[in-house]
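J.: Following this message is one structure expressed as structure tokens.
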Amino acid sequence: MITERSVNNIIENARIEDVVNDYVNLKRRGANMIGLCPFHNEKTPSFSVSPTKGIYKCFGCGKGGNSVQFVMEHEGFNFPEALRHLAGKFNIEIEETATSEEHQKQKQHQDSLYLVNQFAEQYFSEQLLSSDEGKSVGLSYFKSRSYLENTIRKFGLGYSSSEPAGLTNAAKKAGYNIELLKQVRLTNNYDKDFFRERVMFTIHNLSGKPIAFAGRTLKTDKKSPKYVNSPETELYIKSKILYGIYHAKKSIRSLDECILVEGYTDVISLSQAGVENVVASSGTALTEDQIRLVKRFTSNIKLLYDGDAAGIKAASRGLDLALSQDLNVSVVPLPEGEDPDSLVQKLGSTEFTQFLADKSQDFILFKTKSLIEESKNDPIQKSKSINEIVNSIAKIPDPIKRSVYIKECSGLLEIDESVLMETANKALKTNLSQKWADQKRETARNERDQALAQSQGDMPPLDFPPPGTEDEFTPSPNTPQNKPQSSFYKERDILKLLLNYGDKQIPEEEGQDISLGQLLVANLEDVLDHFKNPTYKAMINFAKERINAGKDISAKIFINHQDKEIRTSAVTLCSEEFTYSHNWEDMHDMTLRTQPFPEENFFEECMQALKYFKITKIKAMMAENKEKMKAKDANIIRLVKTHQKLLEIRNQLAKELRIVLTH
């Protein structure tokens, strides 16, 4: 395990501007640097890098973090992989501690499985390019598809020979344990090769490591399956991977669109033709995990559709899942008898790209037209089709988008808009009820698993409450969804001050020899339980623990925190889209007259924010107190005195803030 000192050393030395500059053309703007965001398609720069804070933040798509998080997001690395990448790039030595024997064995075992797959990928490649059998059979097949050698090497294409144990024997000779080959399903229980006499396709994970293989037979024997895939292993779970995602991720992000096809050869042919933002679901309907994988890079997905009405029905479940994840889904019907591979070779890159642009149709509208055509003379079938279309619309979380689709489909279906809306609302209510029930079961299951793990000593207790969201807490069922609760803004103001000025000392004239962070934490102890945002509450508790331990609480401590929700919130709180430029004073002699600069006014801002926050919480306590008065056995005298005391404190705070409270 990489030591904390090494992690901090890498973050300190891998300067954010140097890391980002490899991917984004940055220009200086005041203390910060700006450029076009690499995570979404934009024409006006909204991507900001702060060298002093060591963070990046896009005010368009919301992504942000430090140099390690940038590499993780951009390259699809996990945390240790990103650290090692940056350490190698900036020649930083990594210190590692001895992990538990069990953890070390598990990591070594997983690394060994990757190495076995890497050996197999190289072996299949050598068989294809160097052996007589491979060249005459496998290479001839790939050349018949017009694949270039650099494409063959890029995608890890290969050939498995007719020799019963060719790979197995070669791996044993190279020193690999045969049990590992069996675990990744390259060798069967009889010590023979799993793949024989097939052209091979390597399946890579998001970081480019080979995790599985697919073999295509070139025989005409109908009894032999056309494709054989690696069975699932601890490295390869089919529902969580998309073929070609490693090679496509950069293009998907830059073009802000993911093209979905069915087969391996479709991906390879389109990529070679310059259409690189393409992946394959390998013949299965899209899964939630695959959709989440796509959503990391874009919100737009396009299906190249080469089937009949039955085919679009088969694809509908996966595309409905994509709609429920708020992806924009379109389809491109291909000419009869064509698939993406054959069509791109027929048209060429430029014409094929234009074809996609011209023929692209919105999925729901395309589905509506297709089902209408299929059931136009059958009222019962038409009724079923309408319900199916409305159920798809009900999957969409955005109410405005749902309304637009209802209006469009109303005209196409010749059904009154209000009827479709009522039907959609019923389906939406059913979907939400199911979702809440699923979440409830999932939460209960996680709590049971966690309690069991803790009782068995398998994991430490959680340090933080369940994470909230970056910008708002989860509202109660009675809270209007479009009106964030006012206390959220008070909590956010407190946290912004803590992160940006928590390590600064209180001005001497205030007579306190403490930092602003110490002052904030001390003043929040009695009202901390009233924090609504669980992530903000966790951040205050984290600051309290560090202060009690005599440690600092600078912004970087939160930005580099192990908890993702805390890191994300910290970056957002430390980022300002608009800042006052000192150049107005330096170049034009125009000073800020309405108030001091924030760095000169943080104590006053702190005291004001605390008072506003306490008023909000006192009002909540007063409301709770009033509810208690309604109880039959209530101690009215004590509760009235409590109310009067709270009212007195509230009014005093309002007086100090010079505000008038209407209730």
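Listed here are the residues, each with its yes/no results for (1) at pLDDT 75 or above; (2) loosely packed, with under 14 Cβ neighbours inside 10 Å; (3) over 21 Å from CYS37 (Cα atoms); (4) among the small types (Gly, Ala, Ser).
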residue	(1), (2), (3), (4)
SER67	yes, no, no, yes
HIS74	yes, no, no, no
HIS85	yes, no, yes, no
THR97	no, yes, yes, no
SER100	no, yes, yes, yes
LYS105	yes, yes, yes, no
GLN108	yes, yes, yes, no
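J.: If you go through the stretch 372-384 one residue at a time, do you hit one that is under 30 Å from SER146 (Cβ atoms) and either at pLDDT 80 or above or not aliphatic (A, V, I, L, M) (or both)?
T.: Among the residues of the stretch 372-384, not one is under 30 Å from SER146 (Cβ atoms) and either at pLDDT 80 or above or not aliphatic (A, V, I, L, M) (or both), which makes the answer no.
J.: List pairs: first in the stretch 245-271 and within 22 Å of LYS143 (Cβ to Cβ), second surrounded by fewer than 20 Cβ atoms within 10 Å (Cβ to Cβ) and of a type in the set (Val, Ile, Thr), Cβ under 8 Å, 6+ apart or cross-chain?
T.: That search, which allows pairs on different chains as well, returns ILE268/THR151; SER271/THR151.
J.: Let me ask something else about it. Checking PRO80 against (1) touching an Asp or Glu at 6+ places or on another chain (Cβ under 9 Å); (2) over 12 Å from ILE11 (Cα atoms), only one condition comes out false. Which one?
T.: With (1) touching an Asp or Glu at 6+ places or on another chain (Cβ under 9 Å); (2) over 12 Å from ILE11 (Cα atoms) applied to PRO80, the lone miss is (1).
J.: I need a count of the residues in the stretch 190-218 that are under 14 Å from SER161 (Cβ atoms) and among the basic types (Lys, Arg).
T.: The total comes to 3.
J.: On to the next question. For HIS40, only one of the following conditions fails: (1) of a type outside the set (Phe, Trp, Tyr); (2) over 22 Å from LEU499 (Cα atoms); (3) in contact (Cβ under 8 Å) with a residue 60 or more places away in the chain; (4) exposed (fewer than 15 other Cβ atoms within 10 Å of the Cβ). What is its number?
T.: HIS40 satisfies all of (1) of a type outside the set (Phe, Trp, Tyr); (2) over 22 Å from LEU499 (Cα atoms); (3) in contact (Cβ under 8 Å) with a residue 60 or more places away in the chain; (4) exposed (fewer than 15 other Cβ atoms within 10 Å of the Cβ) except (4).
J.: Filter the stretch 246-259 for residues that are farther than 21 Å from LEU157 by Cβ and either in contact with a strand residue (DSSP E or B) (Cβ under 8 Å, 6 or more places away or on another chain) or among the β-branched types (Val, Ile, Thr) (or both); which is surrounded by the fewest Cβ atoms within 10 Å (Cβ to Cβ)?
T.: Checking each candidate, the answer is ASP256.
J.: Now for a different question. Across the stretch 80-127, what is the total count of residues that are over 30 Å from GLY166 (Cβ atoms) and touching a strand residue (DSSP E or B) at 6+ places or on another chain (Cβ under 9 Å)?
T.: 8
J.: Further question on the same structure: Suppose we filter the stretch 268-277 for residues that are assigned to a loop (DSSP other than H, G, I, E, B) and at negative phi; how many remain?
T.: Here the count works out to 4.
J.: Given the condition closer than 24 Å to ILE566 by Cβ, basic (Lys, Arg) and either touching a Cys at 6+ places or on another chain (Cβ under 7 Å) or outside the structural domain of ASN560 (by TED's automatic domain parsing) (or both), answer yes or no: does some residue in the stretch 14-34 qualify?
T.: Yes; the residues of the stretch 14-34 include at least one that is closer than 24 Å to ILE566 by Cβ, basic (Lys, Arg) and either touching a Cys at 6+ places or on another chain (Cβ under 7 Å) or outside the structural domain of ASN560 (by TED's automatic domain parsing) (or both).
J.: In the stretch 60-79, how many are acidic (Asp, Glu) and either out of contact with any strand residue (DSSP E or B) (no Cβ under 8 Å at 6 or more places or on another chain) or in the same structural domain as ASP111 (by TED's automatic domain parsing) (or both)?
T.: 1
J.: Go through the residues of the stretch 216-224 one by one and say whether even a single one is assigned to a strand (DSSP E or B), in contact with a helix residue (DSSP H, G or I) (Cβ under 7 Å, 6 or more places away or on another chain) and closer than 25 Å to ASN150 by Cα.
T.: No - not one qualifying residue is present in the stretch 216-224.
J.: Can you confirm whether THR265 is of a type in the set (S, T, N, Q), surrounded by 17 or more Cβ atoms within 10 Å (Cβ to Cβ) and part of a strand (DSSP E or B)?
T.: When the stated conditions are applied, THR265 does not pass them.
J.: Quick check on the stretch 43-56: of everything there that is of a type in the set (Val, Ile, Thr) and assigned to a strand (DSSP E or B), which residue is surrounded by the fewest Cβ atoms within 10 Å (Cβ to Cβ)?
T.: VAL49
J.: Would you check if TYR227 is farther than 21 Å from GLN354 by Cα and surrounded by fewer than 21 Cβ atoms within 10 Å (Cβ to Cβ)?
T.: yes
J.: Continuing with the same structure: Quickly run through the stretch 384-437 and pick out the residues that are assigned to a loop (DSSP other than H, G, I, E, B), in contact (Cβ under 8 Å) with a residue 40 or more places away in the chain and surrounded by fewer than 16 Cβ atoms within 10 Å (Cβ to Cβ).
T.: Matches in the stretch 384-437: PRO397, ASP398.
J.: Kindly indicate the residue of the stretch 12-37 that is among the small types (Gly, Ala, Ser) and assigned to a loop (DSSP other than H, G, I, E, B) and also nearest to the chain's Cα centre (by Cα) among those meeting that condition.
T.: ALA14
The values are calculated or read from the model by the stated rules, or taken from the named source; none is laboratory data. Not measured: the values here are computed from a predicted model. Cβ coordinates were reconstructed from backbone atoms using ideal geometry, including for glycine residues, and neighbour counts include every protein chain displayed.
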